[in-house]
Amino acid sequence: SDAICNFVICNDSSLRSQPIIFNPDFFVEKLRHEKPEVFTELVVSNITRLIDLPGAELAQFMGEEDPKLPGANNTASGFFRSLMSLKRKDKGVVFGSPLTEEGIAQVSQLIEYLHKNLRAEGLFRVPGNSIRQQILKDALNSGTDIDLDSGEFHSNDVATLLKMFLGELPEPLLTHKHFHAHLKIADLTLFDEKGNKTSTPDKERQIEALQLLFLILPAPNRSLLKLLLDLLYQTAKKQDKNKMSAHNLALMFAPHILWPRNVSTNDLQENITKLNNGVTFMIKHSQKLFKAPAYIRECARLHYLGSRAYTSKDDLDLLTSPGSKELQPLKSQKRSRLDACHQEETQQRTEEALKELFRHVHNMPDSAKKKKLIRQFSKHPTALTPGSDVPTSPAPRRTRSRSFSGLIKRKVLGTPVILERKSRDATPEPERVSKENVHLLQKCGSPAHMSQAKLKSSEGRKEESCRRMRAHLLSKDSSSL
């Protein structure tokens, strides 16, 4: 497998150093082996969400108390049970012993052989030869190699021996403590619009409950159960040849894998139909039952990645509900963050482009086109106008010129001279200066920095010249008269 993994081509350089995981239940199995208590609590909490297990049944389910099975208080059943235990005193390595990995390895030879011979009519129903079965049983108990393809044994011999092996286990393959849970799973039905239970089985909830229940089976039981149900599933697919449907197979195997040990048919009279239908359901849906539910996978994965864990299906349902904004799925959160980043990046590029355009306009020589472009910039909102980077001076206001001769004329004609003087401390409006006068202005300073004495002296000279001119004109007019 390491050699195969080395040939996997990964185009993403950031992922090439990461381990490649093919098993979707990898973190589930990791949590099961490394933290069995956390794993069991997680699974059991979801089982009790689906089926009702009162205090006593829950204690039996968890193994804290001995399970109370049908016929346990019956004297006849007790005698029958003791008789069967005496018959099983002569235990072998495989048959009659608790389930072990070695026993599974031996029995898997029978299962592998039956996969090749599923067309035999009445398979698992027609008994085989008892002598050949005993020879095969002794060989399996001794651990010797068996060549089932030699033609010495018939497929009915092997099928009957497989049922015998399951029937001689100290407890059923699905364990005694899970017996009541399987009865509750069989009662899971759909609800109508008014919330009343119907007689229609709720297949989705039944599959989910069985998935959870199989997760906490002992590892050997779960391994053999998977091999067995897959064999029965393939057998039912060939029912046109072997005449064995899923229901017929369930009638053959329910007493061996689900019924409590040493009980009679009378003890299970009320529940036989439920148990048989339950095994039929397992055979039909066997390809789905050994996958962990999606929320268990996610919880196990997040447990090791150090993020928030969702312990049940209801938590994931809340995350996917359309009315919840705070508990939205992770994909939608990532998508919203990407959209926000994209919008921010687009806005930033737009502002940079406007700033660059404004700098270009500002550096243009003075012209009517430049004034028009600046007016267009001033119409934009403040947030989009890059005026903070390039300071703009207000357009120069053209002042009304006052000639010296006009001033004298108004004096002579008696028209009051209206001078819109500002306060002497106010700063006069800036005037447009040529490039040649820039150096002179820097030396002499702007008119705003002129002292009050200079202003007074200039005004005095103007008044003196006005008086002289007025006296000259009056004298000229009097002489002509």
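List of remarks:
- The combined condition, being modelled with pLDDT of 90 or more and assigned to a helix (DSSP H, G or I), is fulfilled by ASP138.
- Positions within the stretch 236-247 being open to solvent by less than 80 Å² (accessible area, probe 1.4 Å), within 11 Å of ILE283 (Cα to Cα) and either out of contact with any helix residue (DSSP H, G or I) (no Cβ under 6 Å at 6 or more places or on another chain) or free of Cβ contacts under 8 Å to residues at least 12 places away in the same chain (or both), in sequence order: SER245
- Condition met for ASP192 (under 28 Å from THR48 (Cα atoms), open to solvent by 10 Å² or more (accessible area, probe 1.4 Å) and out of contact with any helix residue (DSSP H, G or I) (no Cβ under 8 Å at 6 or more places or on another chain)): yes
- Looking across the stretch 248-280, the residues that are free of Cβ contacts under 8 Å to residues at least 40 places away in the same chain and in a helix (DSSP H, G or I) come down to ALA250, LEU251, ALA254, ILE272, THR273, ASN276, VAL279, THR280.
- Condition check for ILE146 on (1) of a type in the set (A, V, I, L, M, F, W, C); (2) open to solvent by 30 Å² or more (accessible area, probe 1.4 Å); (3) in a helix (DSSP H, G or I): one failure, at (3).
- Residue in the stretch 220-231 that is open to solvent by 10 Å² or more (accessible area, probe 1.4 Å) and free of Cβ contacts under 8 Å to residues at least 60 places away in the same chain present: yes
- In the condition set (1) of a type in the set (Val, Ile, Thr); (2) assigned to a helix (DSSP H, G or I); (3) within 21 Å of ILE51 (Cα to Cα), THR235 is compliant with all but (3).
- Apart from one condition, PRO201 fits all of (1) touching a Ser or Thr at 6+ places or on another chain (Cβ under 8 Å); (2) modelled with pLDDT of 95 or more; the exception is (2).
- Members of the stretch 158-184 that are outside any loop (DSSP other than H, G, I, E, B), open to solvent by less than 10 Å² (accessible area, probe 1.4 Å) and within 19 Å of ASP52 (Cα to Cα): PHE179, ALA181
The values are calculated or read from the model by the stated rules, or taken from the named source; none is laboratory data. Being a predicted model, the structure only gives us computed values, none of them experimental. Don't worry about glycine lacking a Cβ; one is built from the backbone with ideal geometry, like all the others, and counts go over all protein chains shown. Ligands, DNA and RNA are stripped out before the accessible areas are found, and what is left, the full protein with its side chains, is counted by its heavy atoms. Shrake-Rupley method; radii C 1.70, N 1.55, O 1.52, S 1.80 Å.
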